[in-house]
1. Taking neighbour counts of Cβ atoms within 10 Å as a proxy for exposure, in what order, fewest first, do 74, 242, 222, 115 appear?
2. With a point put 7 Å past each Cα toward its Cβ, work out how far residue 178 is from residue 223 in nm, to one decimal.
3. Give the residues of the range 235-252 whose amide nitrogen is closer than 14 Å to a point set 7 Å from the Cα of residue 3 in the direction of its Cβ.
4. Order these by the 10 Å Cβ neighbour count, fewest first: 125, 218.
5. Take the alpha-carbon centre of the range 1-53, take the same for the range 109-131, and report the distance between them in whole Å.
6. In nm, give the distance between the simple-model label positions of residue 136 and residue 73, each being 7 Å from the Cα along the Cα-to-Cβ direction.
7. From the C-alpha gyration tensor of the chain, pull out the three semi-axes of the equivalent ellipsoid (sqrt of 5λ each), sorted largest to smallest, in whole Å.
8. If we count other beta carbons within 10 Å of each Cβ, what is the order of 1, 81, fewest first?
Ligand code: 13P
């Protein structure tokens with residue numbers, strides 16, 4: 001069985017002392033046969049995190065990337081710089097970046113291209129808002145977000161990527177999508193991409209994010225269409241995150 005991907009998205013939380021404590025604790029969880037641990041600390045702490053991770057089993061994820069490689073772009077960080085400090089993955093198109101930084105399909109595609117050219121792996125976030133969910137448009141919205149990438153580039157760009165289905169209404173709200181809905185959307189994404197290219201889909205992982213907690217994790221992570229989880233709030237306190245890891249470890 002492929003190991004499930006468990007990503008801690010620390011968002012804008014933590015400090016040097018805390019990240020050190022956090023990674024030290026995680027080092028005890030790296031030998032699971034069921035999952036691989038990924039950590040997305042604030043970008044500022046990636047370099048330090050790389051220095052103290054004592055095993056390649058914890059993968060470093062950047063929460064952002066710039067679409068440019070170098071030049072006059074004050075405040076930005078390039079894929080090559082991320083690669084330089086051993087980052088392996090980049091979260092792209094997170095709904096918080098769309099909301100607070102006005103990132104759109106065009107920016108997202110440019111960032112995916114920059115990530116790929118830097119030999120990093122994109123974690124591409126897609127998902128519908130509450131109105132779209134209520135109008136039963138979830139499938140269509142997810143399709144459109146993927147379709148933009150394919151139409152304006154090439155399906156091959158999706159090879160060796162991770163797609164994170166993160167319904168916007170489930171992020172940070174305490175209201176996760178139920179497993180039937182997640183199952184339906186993940187299957188639909190597989191069907192849609194397979195209808196264009198049967199081989200690429202085998203090289204794509206589809207994970208879920210949105211209000212994962214100790215009550216719902218079992219049900220979601222054991223679903224065969226869920227390759228992993230992108231976890232926000234429940235990963236911020238190491239005590240809560242290791243609780244989730246322990247739950248997975250104890251699955252039969
Ligand atoms: P929550 O787990 O806090 O809902 O956040 C999910 C998320 O945004 C992960 O990227």
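The numbers here are math on the coordinates, done by the rules we state, and not lab data. Just so it is clear, the structure is predicted and the values come from calculations on it, not from any experiment. Counting neighbours? That spans all protein chains shown, and the Cβs are built from the backbone with ideal geometry, glycine included.
1. By the 10 Å Cβ count, ascending, the order reads 74, 222, 242, 115.
2. Calculated label separation equals 1.2 nm.
3. Residues passing the 14 Å test: 249.
4. Ascending Cβ contact count within 10 Å gives the list 218, 125.
5. 20 Å
6. Each label point is offset 7 Å from its Cα along the Cβ direction, giving 4.2 nm.
7. Semi-axes, largest first: 25, 23, 17 Å.
8. So the ranking, lowest neighbour count to highest, is 1, 81.
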